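The values are calculated or read from the model by the stated rules, or taken from the named source; none is laboratory data. As the structure is a prediction and not an experimental result, all values here were calculated from the model. Glycine also receives a Cβ, built like all others from the backbone with ideal geometry; neighbour counts cover every protein chain displayed.
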Amino acid sequence: MDKIAYLEIPKLRQPYLIMGFEGWPNAAEVSSYSIQYLVDHFNARHFASLSTEDFCQLSSLRPTGVVKGGRLLELKFPASHFYYAMKKGFRDLVLFQGAEPHFRWASYADLLLSLAERFGVSEIFTLGGTYDYIPHTCPPFVSALFNHDDLKEKVIQTGAGLTEYSGPISIHTCVLEGARERGIRGISLWGHAPHYLQTKNVRVVCSVLQVLKVLTGIEMDLSELERASDYFGQQVNHLIEQDPKLKEVIDKLEAVYKQSSVASSLPKGEEESKDEKVVYIQAFLKRQDEDERK
């Protein structure tokens, strides 16, 4: 059985392929929300799905069902989806929204890249999120890695930082390396979210999409997202002002961050009692969503 099921075969013009994955590379929902925003913003059309049954542990990523009156009406296995969008005067887009696989990464990446070759993808972008020791009072930080040396200057011109890292990787890196071997240029963008804000961070999402906009030249109105980002920051500040202990910790973090040329590390001892420095603001976000629907 084919792993990718097509609803249609669109005729695309040297499209960009922009991918996001749920799971480990989706801190602060930066990856999943960025792709969903692009799908909604460009009114992208669903044209294919990739079955994840052979790549994901179903006890972790469970199928869903609908049962009414004791009868099973619907059973859906996890799948990853492809969308496309066309805009006159710009390159077309292929958007991929899925879950990071639990195993068989090389085969999974090969399926993604085979689709990229089939539709003549000119460049690949992956969008991810990571938690970092960065204060929310500073501008969100976006880092990038690339698979061709001639992309370095292009990345620097956006204001994004160049990734310095050694450790466990995400599916992003596997995709970029596979793309390099096929002669497809690729850039991975990572939004760095404050570790103490364990929730969807629209400020970081907005920053990632601003860098993507510069890299691709795609016309994209982010004004709505920018307003949501400002509102998010105001509400977080309000909540922190009510907790003097937390405010003291964040003030200290801000001072260290501004003095350090390496924004991703703190002096030893700063990581102690990390759980006490987490702001859980799901209740606030629920109210925010309700206000936006009114």
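Within the stretch 177-217, the set of residues being over 16 Å from the mean Cα position of the chain (by Cα), under 16 Å from Leu17 (Cα atoms) and surrounded by fewer than 19 Cβ atoms within 10 Å (Cβ to Cβ) comprises Glu177, Arg180, Arg182, Gly183, Arg185, Val214, Thr216, Gly217.
Look at (1) among the small types (Gly, Ala, Ser); (2) assigned to a helix (DSSP H, G or I); (3) more than 24 Å from Ser229 (Cβ to Cβ) and you find that Gly89 fails only one, number (2). Residues that are under 23 Å from Asp132 (Cα atoms) and assigned to a loop (DSSP other than H, G, I, E, B) within the stretch 1-43 comprise Gly23, Trp24, Pro25, listed in sequence order.
Select, from Phe47, Phe42, Phe55, the only residue that is touching a helix residue (DSSP H, G or I) at 6+ places or on another chain (Cβ under 7 Å) and of a type in the set (Phe, Trp, Tyr).
On the way: Phe47 fails: touching a helix residue (DSSP H, G or I) at 6+ places or on another chain (Cβ under 7 Å); Phe42 fails: touching a helix residue (DSSP H, G or I) at 6+ places or on another chain (Cβ under 7 Å).
None of the others qualify; the one that does is Phe55.
Please work out which residue is surrounded by the most Cβ atoms within 10 Å (Cβ to Cβ), limiting yourself to the stretch 70-86 and to residues that are outside any strand (DSSP E or B) and at pLDDT below 90. Reasoning before the result, please.
Our first condition is that a residue be outside any strand (DSSP E or B); within the stretch 70-86, this holds for 70, 77-78, 86.
Next, only the ones that are at pLDDT below 90 stay: 70, 77-78.
Values: Gly70: 5, Phe77: 13, Pro78: 18.
Here the answer is Pro78.
Residues that are farther than 14 Å from Val30 by Cα, assigned to a loop (DSSP other than H, G, I, E, B) and among the small types (Gly, Ala, Ser): does the stretch 218-229 have at least one? So far as the stretch 218-229 goes, no, none of its residues is farther than 14 Å from Val30 by Cα, assigned to a loop (DSSP other than H, G, I, E, B) and among the small types (Gly, Ala, Ser).
List the strands (runs of 3 or more DSSP E) that sit entirely inside the stretch 108-205 and contain at least 2 residues that are closer than 26 Å to Leu12 by Cα and of a type in the set (A, V, I, L, M).
On the way: elements: 123-132, 141-146, 185-194.
Counting at least 2 such residues, we get 123-132, 185-194.
Please state which one of Leu17, Leu50, Leu61 is at pLDDT below 95, within 22 Å of Ala179 (Cα to Cα), aliphatic (A, V, I, L, M) and surrounded by 15 or more Cβ atoms within 10 Å (Cβ to Cβ). Even if it seems obvious, please write down each step before you answer.
Details: Leu17 fails: at pLDDT below 95; Leu61 fails: within 22 Å of Ala179 (Cα to Cα).
Of Leu17, Leu50, Leu61, the one residue that is at pLDDT below 95, within 22 Å of Ala179 (Cα to Cα), aliphatic (A, V, I, L, M) and surrounded by 15 or more Cβ atoms within 10 Å (Cβ to Cβ) is Leu50.
Looking across the stretch 93-112, the residues that are crowded, with 21+ Cβ neighbours inside 10 Å and over 15 Å from Ser34 (Cα atoms) come down to Glu100, Pro101, Tyr108, Leu112.
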